[in-house]
Amino acid sequence: MYSLLFLGTVSFVLSLFLTPVVRAVFRRWGLANRANEGTDLHPIPRAGGVAIVISYLLAYLFLLAMPLKAGFILWDSINFALRLMPAAGLIFLIGLVDDIKGLEPWHKLLGEIIAAGAAYWAGIHIQGLAGYGAGAWWNLPATIIWLVACTNAINLIDGVDGLATGVGLFATFTTLIAALLQNNAALALATVPLAGCLLGFIRYNFNPATIFLGDCGSLFIGFLLGCYAVVWSQKAATILGMTAPLMALSIPLLDMAVAVARRFLRRQPLFEGDRNHIHHRLLDRGFTPRKVALTLYACAALGAVCSLVVTNKNISTFIILAFCMTTWIGVQHLGYVEFGVAGRLFIDGAFRRLLNSHISIDNLEESLAGASTPEECWDVLRHSYREFGFSRIEVQMAGREFNECVESQPLQSWKVTVPISSKSSIELHRAFGPAQQHQVVAAFVDVLRKVLQPKVTVFERTSPQSERQRVEMTANV
């Protein structure tokens, strides 16, 4: 306990005094500065992670220098943290280079994957679910995915003064309490200096901030929290108990998951920034930056309490269901249009219809590709046009004409003509319908043009009419 108090106090004091020093140095050197939004007279350095990392390491050095047995406790109980330092150091360097010079997203991701692999080698393993699957082949990729997700989750939420620092502080304190409850001295000794560093740093990072975490700080904090969560989950005896670390990191992980889902639905680049994160939505609703931070602090505190209470088997199921329901309601109130539209498409069956239509388009393309004569092409078309909602089809292909229609024609309809060549075309009639079906129609037309154009060229070259024309031209000559 004395070691914990010593580490926490020293890291807090070091962070409290080193942060303004780092701020002054970066201002003097003009490195990694970013002007604050508003009327601040001084640019604000965005490499505050330097102060956190220095304070974190110096706290251990001071503990090792103590004449008491604390140093021996450190070596015996937390040597895994020392093995973790190369991986954490790589993450810090990636963030620092990005703050100063800038890195491509893929370069950062590759470095994060390498660092996550180094952490796995150092002993940070996701050991299956509730003891099942330990040593399985998927333990390594699962660990890497988890660590990369946590690393970027804290980085993505760092958009409002003090937000990432405060949310990280709540998650760190939660992990520390869980370690004490589990009598996990190694995890407690690794966690407490990070809590002290963040507590000292938030004094300068809360609104109005005079220094920002930067990527070197947010990536470092997210990576360490991801590692600590793995160590925490290794003590879980049940699958439900393993959800506790997820709840402790619920705010940054939820924000990252929502961002990825939004960009996927909109077909936007996953690594391209936007102003639709949770904190941006709250700002758009009229919240001040300070109120946004305090609101999400409260949500992080709720997640922290749930993560500690969920270990109680008697009420764990109720806590998880209530937490998931609250999270769903919260996301709904943020007003993301993408999820509302996707939900309506799924509920009214439009999603399944679109899926079936695209499957039918693939089958149509395959069948047309196998047709070798105009008659075979027509046979494929006459069996498929109704499936895509067309009421009439007229085909002119290589001197041949084909047509067919449904028995009951719609009163109002529109038509589309698909030119295949100068002599061949396909005309389709369709009743007015839902707007989302227009995409299916466009895909249907694209398949017709792509597959039939080369075939029709061959058909027209070898058709009997073309042969007669060539014979007549030869006779005239």
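Please treat every number below as a calculation from the coordinates, not as lab data. Bear in mind that the values here come from a model prediction, so they are computed numbers and not experimental data. Note: ideal-geometry Cβ built from the backbone for every residue, glycine included; neighbour counts use all protein chains shown.
Structural remarks
- For the stretch 161-170, putting each phi into the Karplus relation 6.51 cos²θ - 1.76 cosθ + 1.60 with θ = phi - 60° gives couplings of 3, x, 5, 5, 5, x, 5, x, 5, 4 Hz, in residue order, rounded to whole numbers and with x for Gly and Pro.
- Annotation for residue 137 and residue 85: the two label points, set 7 Å from Cα along the Cα-Cβ direction, are 3.7 nm apart.
- Estimated at 0.36 nm per residue, the fully extended path between residue 285 and residue 432 surpasses their Cα-Cα distance by 49.0 nm.
- Spacing of the two label points (7 Å from each Cα toward its C-beta) at residue 309 and residue 362, in nm: 4.6
- Gain in span if fully extended, residue 29 to residue 386, counting 0.36 nm per residue against the direct Cα distance: 121.4 nm
- The protection proxy used here, the mean number of other Cβ atoms lying within 10 Å of each residue, ranks peptides 171-184, 444-457 as follows, highest first: 171-184, 444-457.
- Most positive-pole-ward Cα, 213, 153, 192, against dipole of the stretch 147-296 from beta carbon charges: 153
- The gain in end-to-end length when the residue 101 to residue 257 segment is fully stretched comes to 53.4 nm, 0.36 nm per residue minus the alpha carbon separation.
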